[in-house]
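Notes follow the structure.
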Amino acid sequence: MADDDLHEMLLDYNRSVVEEFRANKGKCGGGFEGNPMLLLTVTGARSGRRLTSPLSYTPLDDDFIVFASAGGQPTHPQWYFNLVANPGVEIEVGTESFAATATVLEGDERERAYTAMTTALPRFGEYQAAVEREIPVIRLRRKG
């Protein structure tokens, strides 16, 4: 399968999960059943398009922690590169939507957030163990 075909399949899948999330007040079934979920909307680094991805998260203090795990794939997800280029994002949690700032964590901050996420959702530790890259850990902090 060509990379473009795979990318389109992923976009279609994400669209269906986004629709389910919005229709069910922030809850999704399938592989997301029982996980805390949010929708992350980023601005494309080159296209300028607004792109929305469904992600599992862990709350930490007043922030939201997400992993750029790509489900344990060997490369970072595209939304990660867009977020690095444009850290002003929008988040939807439940029925609430708000602006946030994304920060890729490093050092002790990353370790604290990584531990919180992998304790709450152990499969994210399995994703890290399965790949050679260090999976980026991102803090999403509400603006204002």
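At a glance:
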{"item": "Residue satisfying condition, being closer than 29 Å to N24 by Cα, aliphatic (A, V, I, L, M) and free of Cβ contacts under 8 Å to residues at least 24 places away in the same chain, within set L55, L51, L140, L121", "result": "L55"}
{"item": "Residue satisfying condition, being in contact with a Ser or Thr (Cβ under 8 Å, 6 or more places away or on another chain), touching a residue at least 40 places away in the same chain (Cβ under 8 Å) and closer than 21 Å to A130 by Cα, within set V66, V89", "result": "V66"}
{"item": "Pairs with Cβ under 9 Å, 6+ apart, first in the range 1-17 and closer than 18 Å to G29 by Cα, second in a helix (DSSP H, G or I) and at pLDDT 80 or above", "result": "L10/Q78; V17/G30"}
{"item": "Some residue of the range 31-49 being among the small types (G, A, S), over 24 Å from R123 (Cβ atoms) and part of a helix (DSSP H, G or I)", "result": "no"}
{"item": "Count of the range 55-69 residues which are more than 17 Å from R141 (Cβ to Cβ) and either buried (at least 22 other Cβ atoms within 10 Å of the Cβ) or among the charged types (D, E, K, R) (or both)", "result": "1"}
{"item": "Unmet criterion (only one of (1) within 25 Å of N24 (Cα to Cα); (2) out of contact with any Gly (no Cβ under 6 Å at 6 or more places or on another chain)) for G94", "result": "(2)"}
{"item": "Of residues in the range 81-118 being out of contact with any strand residue (DSSP E or B) (no Cβ under 8 Å at 6 or more places or on another chain) and closer than 20 Å to G71 by Cα, the one surrounded by the most Cβ atoms within 10 Å (Cβ to Cβ)", "result": "T118"}
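The values are calculated or read from the model by the stated rules, or taken from the named source; none is laboratory data. Worth saying up front: this structure is predicted, and the values here are computed from it rather than measured. Don't worry about glycine lacking a Cβ; one is built from the backbone with ideal geometry, like all the others, and counts go over all protein chains shown.
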